[in-house]
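Each reported figure results from applying straightforward, stated rules to the coordinates on display, with no laboratory input. All values reported here derive from a predicted model rather than from experimental measurement. Methodologically, a virtual Cβ is constructed for each residue, glycine included, from the backbone with ideal geometry; neighbour enumeration extends over all protein chains shown.
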């Protein structure tokens with residue numbers, strides 16, 4: 001099983017957080033919130049596309065709102081695979097940090 | 001309900017975004033952009049949002065592109081791999097395909113080169129839209145004509161009077177000019193007098209010499225590379241001397257013009273073949289610049305070109321120059337009862353749309369070169385397109401025939417989950433690859449075909465012409481067009497079927513598939529039979545024209561033109577005697593021209609009831625021996641005879657002239673008096689000849705008036721009748737003798753029969769090109785047929801085996817399979833015969849004496865097509881029919 005990159009991890013976590021509301025604009029907002037940086041739509045879609053290809057994420061066509069100029073929303077949701085991958089990532093993280101006290105890297 | 005104001009995002013940015021979207025899902029990103037944009041424009045204002053939208057678009061798009069490029073090359077590599085695998089698995093199929101397509105494309109490219117070159121006639125000059133030629137419309141009492149030759153006074157007058165003119169140049173043709181350099185002396189036909197301004201109007205590339213200052217001084221000349229190599233053996237002939245003898249250029253105190261030394265001040269690159277003004281040598285016009293010649297309004301010797309200033313309206317300019325002659329020459333015009341108007345012709349129109357007469361009816365034709373025929377441009381374009389079509393049909397046909405195998409592949413791909421769009425892409429990609437391969441092969445073929453085509457069509461097309469941007473663009477378009485057109489059937493039709501049907505293998509063998517197959521085979525044969533019929537017709541017409549009775553004897557006649565040389569002309573009688581003495585020569589005559597060469601026109605006046613009438617006739621001067629030498633039959637009266645007063649007082653006319661002059665019978669004409677309009681000589685008609693074809697069979701025999709003139713300058717040709725059995729010896733002796741008597745005059749003898757047939761050169765070229773095309777077309781069509789038959793035979797293996805077991809003979813089986821195709825070919829013949837008949841009848845209208853395409857024409861074409869196709873089909877079928885039925889039944 002391939003390990004998730006930190007970017008993919010952040011994306012999957014953002015999608016999980018948003019649940020039913022996970023579409024482009026919201027995902028980007030969430031990621032910006034989590035990460036504290038501003039990501040481009042270009043990066044957003046490329047990564048989402050990749051996640052879909054990998055099978056971590058499913059897509060579903062959503063409604064059209066006037067603000068969207070007549071375009072569908074596309075909602076993203078985690079697949080079983082995605083959830084498993086997140087779990088593995090979390091386990092890995094926790095295992096990695098186990099036993100390292102918080103003050104270890106303090107100056 | 002509360003509705004928020006919706007603002008529109010920047011349009012262009014949205015388009016860019018849309019273009020970068022790869023899948024349907026991704027179109028939602030446009031929605032996302034727009035939603036975000038709306039939020040920002042509510043919160044921060046429209047301007048900020050606008051900036052944001054653009055910035056994000058521009059920053060995101062490269063990322064999209066990079067990503068999709070990475071992904072699509074992966075697919076592309078796969079397509080290419082599969083395409084190449086398919087090509088190499090079906091080698092025969094691919095070869096036929098690539099051969100057909102590459103031949104089609106090569107023909108198309110060659111013809112494209114030709115058409116582009118013809119349509120770009122005179123377009124290489126800078127600002128060619130502003131270059132015009134001045135023409136003259138002259139109405140004189142006996143008639144009117146339009147000519148490109150104007151008086152030398154026109155250019156200086158126009159330069160003075162019209163500030164709209166940026167440059168103006170007059171050029172004067174030096175006819176029968178003799179060029180000499182040491183021992184070498186030759187007649188050159190393309191020598192002109194002109195001034196420096198010529199090079200401001202027409203673009204030439206100077207290799208040596210100062211382009212700004214070449215023709216200013218008297219006795220300087222600019223020559224082409226070819227001339228420099230011919231006379232000096234090297235290109236850089238700058239400062240060297242060449243001698244030119246102009247028969248009209250008499251210096252004071254001389255009785256016979258002498259060669260004049262010209263210093264070469266410029267060497268230019270050879271002119272392209274697509275310019276109407278082709279010259280070899282330009283001699284400085286400084287000799288007559290500013291002399292009385294440039295003030296004379298009654299000569300008509302100069303071609304005059306203007307380049308108008310930017311922004312000048314040509315039609316306004318034309319209106320202003322129309323009456324120019326009246327400002328300077330009005331009194332004289334009125335006195336002579338003449339009218340003279342000037343008009344302009346765009347330089348680019350001259351090649352196809354201008355066929356003006358000479359200045360007076362006595363000079364040679366007015367155009368600098370024979371005009372082009374737009375009809376042949378259309379014909380060649382159509383031919384190029386059609387042969388490419390045959391190649392494409394081959395491709396479609398074979399793809400179609402093979403589709404039964406491909407159908408399984410497609411079905412499987414679909415089952416595995418391929419989308420239709422992917423399959424379409426794959427098939428189109430495959431056909432694009434085959435097209436590209438064919439293009440590569442085609443380009444090699446072009447290189448091979450070009451010299452052949454140049455030779456046939458008398459053109460000078462360069463392979464490098466293909467490298468121009470416009471041509472490259474067209475070739476790229478061609479590849480895409482051919483790829484999509486030829487690969488279209490499997491791509492769009494095959495991929496539409498349901499996978500379960502396809503896997504059963506019933507697609508392609510079904511009715512729909514075989515219908516298309518038949519239609520395509522039919523189409524190919526319709527086109528190639530059409531070509532064959534046209535070729536046969538053209539050849540028949542050509543043979544017909546060459547084989548017609550001309551009414552005069554053209555065999556064993558050696559003609560030596562002597563180009564207005566005064567010495568020869570003065571001693572015509574001596575000259576005749578010189579050759580008459582020699583035993584290989586049985587008869588000698590001198591005349592102004594010989595049949596097949598240019599005949600001048602003139603008017604005659606004749607009394608008619610109450611008034612005089614004028615008629616345009618052809619005019620020829622000859623001596624009393626002319627009728628004897630050419631065996632022209634007199635049907636009334638007598639030919640010219642020695643010892644009578646014929647030199648001053650007689651005309652002999654032909655039947656047509658008798659008719660046009662209103663005589664009911666040739667006998668009635670004898671003894672009547674008519675007047676030649678120019679010199680006002682009134683002479684008696686002493687004889688009427690049977691009509692003979694003094695021009696090619698394209699034309700009806702026109703009225704001809706012959707005079708036994710005492711004016712020696714009218715005579716230009718010496719014709720000798722030679723004894724047939726020692727032609728070559730005699731020619732050699734005549735030549736040596738000529739060089740002995742006239743060391744200064746190049747010998748240019750030719751045989752009349754060969755020269756006369758030169759008039760059919762255009763038709764000969766068409767015949768050769770069409771012949772080549774129809775052979776290629778038939779080959780491609782037959783190869784396609786061969787491929788299709790082999791697929792069908794493979795499909796019917798078992799059927800053939802079973803039939804054989806049940807007692808069918810080889811003949812039966814051949815009939816069974818080939819009958820279908822033979823019927824197709826017969827239908828193709830039925831379709832193409834009326835079409836070809838219609839087209840060829842139109843073409844034949846150009847000829848005064850023509851065949852009517854009949855049973856033989858269609859019979860030959862039909863026979864060729866039928867036997868070829870029967871042969872092709874049966875090679876394959878015969879093999880299949882001879883197989884051991886046990887083997888073929890066990891097959892699969």
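Answer rounded, prolate or oblate for segment B:688-778, using the Cα gyration tensor with square roots of eigenvalues a ≥ b ≥ c: rounded when a/c is under 1.5, else prolate when a/b is larger than b/c, else oblate.
Oblate shape, in that a/c is at least 1.5 and b/c is the bigger or equal ratio.
State the extension gain, in nm to one decimal, for the chain segment bounded by residue B:572 and residue B:831, taking 0.36 nm per residue of separation less the distance between their alpha-carbons.
87.0 nm
When a footprinting reagent is the concern and you count Cβ atoms within 10 Å, what order do B:206, B:11, B:132 take, fewest first?
B:11, B:206, B:132
If you stretched the chain out fully between residue B:81 and residue B:219, how much longer would it get, using 0.36 nm times the residue separation minus the C-alpha to C-alpha distance?
Numbers: separation 138, 0.36 × 138 = 49.68 nm, distance 7.00 nm.
Computed gain between residue B:81 and residue B:219 is 42.7 nm.
What is segment B:128-372's relative contact order, in percent, from Cα pairs under 8 angstrom and six or more apart in sequence?
Working: 509 pairs, mean separation 80.2, N = 245.
Across segment B:128-372, relative contact order equals 33 percent.
Residues of A:52-62, mean number of Cβ from any other protein chain within 10 Å of their own Cβ, rounded to a whole number?
If you average over the peptide's residues, the count of other-chain Cβ atoms is 1.
Any idea what angle helix B:855-882 forms with the longest principal axis of chain B, computed on alpha-carbon atoms, 0 to 90 degrees, nearest 10?
30
Roughly what angle does helix B:511-547 make with the longest principal axis of chain B, taking Cα atoms, 0 to 90 degrees, to the nearest 10?
Roughly 10 degrees, rounded to the nearest 10.
Given R₀ = 35 Å, FRET efficiency for residue A:93-residue B:39 by Cβ-Cβ distance, to 0.05?
FRET efficiency, residue A:93 to residue B:39: 0.55.
Relative contact order for segment A:27-88: what is it in percent, counting Cα pairs under 8 Å that are at least 6 residues apart?
24
What distance in nm lies between label points placed 7 Å from Cα along the C-beta direction at residue B:628 and residue B:815?
7.3
Explain nothing, just the number: relative contact order of chain B, from Cα pairs under 8 Å at least 6 residues apart, as a whole percent.
About 13 percent, as a whole number.
Calculate, axis by axis, the spread of Cα positions in segment A:6-97 along the three principal axes, and write the results as whole Å, longest axis first.
That works out to 47, 28, 20 Å along the principal axes.
What is the distance in Å between the Cα centres of segment B:281-297 and segment B:805-825?
For segment B:281-297 versus segment B:805-825, the Cα centre distance is 81 Å.
For each of B:501, B:860, count neighbouring Cβ atoms within 10 Å of the residue's Cβ, then give the residues from fewest to most.
B:501, B:860
Roughly speaking, what is the centre-to-centre gap between segment B:138-178 and segment B:612-636 when only Cα atoms are used, to the nearest Å?
34
How much of the DSSP beta bridge set in segment B:180-311 is antiparallel, as a percent to the nearest 5?
55
Classify segment B:39-132 from the C-alpha gyration tensor, please: rounded if a/c falls under 1.5, else prolate or oblate depending on whether a/b exceeds b/c.
In terms of gyration-tensor shape, oblate.
With angles folded into 0 to 90 degrees, how steeply does helix B:11-20 sit against the dominant principal axis of chain B? Use alpha carbons for both and round to 10.
Taking the Cα atoms of chain B, the angle to B:11-20 is about 70 degrees.
Given the C-alpha centroids of segment B:181-260 and segment B:46-113, what is the distance between them in whole angstrom?
The two parts, judged by their Cα centres, are 56 Å apart.
Assuming a ≥ b ≥ c are the square roots of the Cα gyration tensor eigenvalues, decide whether segment B:128-372 counts as rounded (a/c under 1.5), prolate (otherwise, with a/b larger than b/c) or oblate.
Judged from the Cα gyration tensor, segment B:128-372 comes out prolate (a/c at least 1.5, a/b above b/c).
Rg and Dmax of the protein assembly as shown over Cα atoms: what are they, in angstrom?
Over the protein assembly as shown's Cα set, Rg and Dmax evaluate to 40.9, 142 Å.
Taking 0.36 nm per residue of separation and subtracting the Cα-Cα distance, what length does fully extending residue B:867 through residue B:501 add?
That works out to 127.9 nm of additional length.
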